[in-house]
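Below: one structure, written as structure tokens.
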Amino acid sequence: VVLAIFVLYAISLVYPLVWVFTNSFRTKQNFFNYPLRSIFKEFDSVSLKNYANAFGSYNIGMMFFNSILISFGATFFTMLVSAMSAYVVSKYDFVFKHVIYIVSIFIMIIPTTGSIATTYKLMNDLGLAGHRYGLIVLAASGFGFNFFMIYSAFAKVAVKEPNVQFSLKTYTAYKGNS
């Protein structure tokens, strides 16, 4: 019974994607005249004109490049900044260590819609609004879910103190044997 439910659920997720993909090969007139027909019933109306129009009218290549750059750049810098801040907070003892941890929890509690106006004003004042690098900088905050995951990983790892008992006598004995 559970398998049947999951199969029906999977079909309900996949069918709209297949429908959209197959209808992308139909002409606009054919689609609006017969919206529920399948492409598999009408092979004579198959056309690549929609794709030629999309790639000709819009700069799809640059859009794809922007998507890749922003997603990889934002992920890299988010993980980098989160790892650096989590390492410092988890491994070093300083005065406001617990305050920073608590503030980072409160930062996650505040809905992002409540800070959209101030975030836009900040990005506009910095000259980053409307630029792809501004999105990367916006995503690269050091406090959020990544911070807590990396913080807990760093907190569990024990730091081994290096053995620095190395004297001049040991050095000369070592150099004498080689």
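Spelling out what I want: for every residue of the stretch 144-153, take phi, set θ = phi - 60°, compute 6.51 cos²θ - 1.76 cosθ + 1.60 (Karplus), and round to whole Hz; glycine and proline get x.
3J(HN,Hα) across the stretch 144-153, in whole Hz: x, 4, 4, 4, 5, 5, 6, 4, 5, 5.
If the chain between N124 and A155 were fully stretched, how many nm would it gain, using 0.36 nm times the residue separation less the Cα-Cα distance?
7.4 nm
Taking the simple approach of a point 7 Å from Cα along Cα-to-Cβ for both F76 and K91, what is their distance in nm?
According to this spin-label approximation, the distance is 2.2 nm.
Bear in mind these aren't lab numbers, they're just calculated from the coordinates by the rules spelled out. From a predicted model like this one, the values you see are computed outputs, not experimental measurements. Note that each Cβ is placed from the backbone with ideal geometry, even for glycine, and that neighbours are counted across all protein chains shown.
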